[in-house]
Amino acid sequence: MGNQCFFNRITLEVYFVLQAPMSLKLGDDKLTICKLAGIKEIPFSAIEKIEPYKDYHSDIRLMGNGGFLGYTGLFRNKELGKYTAFVGNYSQAFYIRTKSGKIYVTSSEQREEIIRQIQLKL
């Protein structure tokens, strides 16, 4: 039993490290989050709102990685509720709320320009 728990924990930690954000790409119709392993695409047509992320000091990690190569996984705070994070640096973060109610938080050194470009396409 102890070995299985250890294996499960290591497997989850590796999974969340592989979710670490490496770069963002703005396409004609979607934002692509390039992760260490794989991508996450968010079509502009699915976006309801995009704004800079404010440091709420109330974030709680529900499941994920809290600092090694970034912040990835499920988090919660009072203002946004539950969200999925692909964040390298929270001081450069912004959030996206989709029309289906999902919330993603990611980050970029070009945060303001990315927000501006996406808002033009909404």
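Key figures for this structure:
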quantity: Residues of the range 87-106 classified as within 13 Å of Pro21 (Cα to Cα) and at pLDDT below 95, total; calculated: 4
quantity: Of all residues in the range 78-96 being of a type outside the set (Asp, Glu) and more than 11 Å from the chain's Cα centre (by Cα), the one that is farthest from Lys54 (Cα to Cα); calculated: Lys82
quantity: Subset of the range 106-122 that is under 18 Å from Asp59 (Cβ atoms) and touching a helix residue (DSSP H, G or I) at 6+ places or on another chain (Cβ under 8 Å) - its residue that is surrounded by the most Cβ atoms within 10 Å (Cβ to Cβ); calculated: Ser107
quantity: Criterion violated by Thr32 - all others in (1) surrounded by fewer than 11 Cβ atoms within 10 Å (Cβ to Cβ); (2) among the polar types (S, T, N, Q); (3) closer than 19 Å to Phe86 by Cα satisfied; calculated: (1)
quantity: Matching option when the condition is at negative phi, at pLDDT 95 or above and not basic (Lys, Arg), among Glu41, Glu79, Glu13; calculated: Glu41
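The values are calculated or read from the model by the stated rules, or taken from the named source; none is laboratory data. Just so you know, these numbers come straight off a predicted model, no measurement behind them. When we count neighbours, we look across all protein chains shown, and the Cβ atoms used for this are built from the backbone with ideal geometry, even at glycine.
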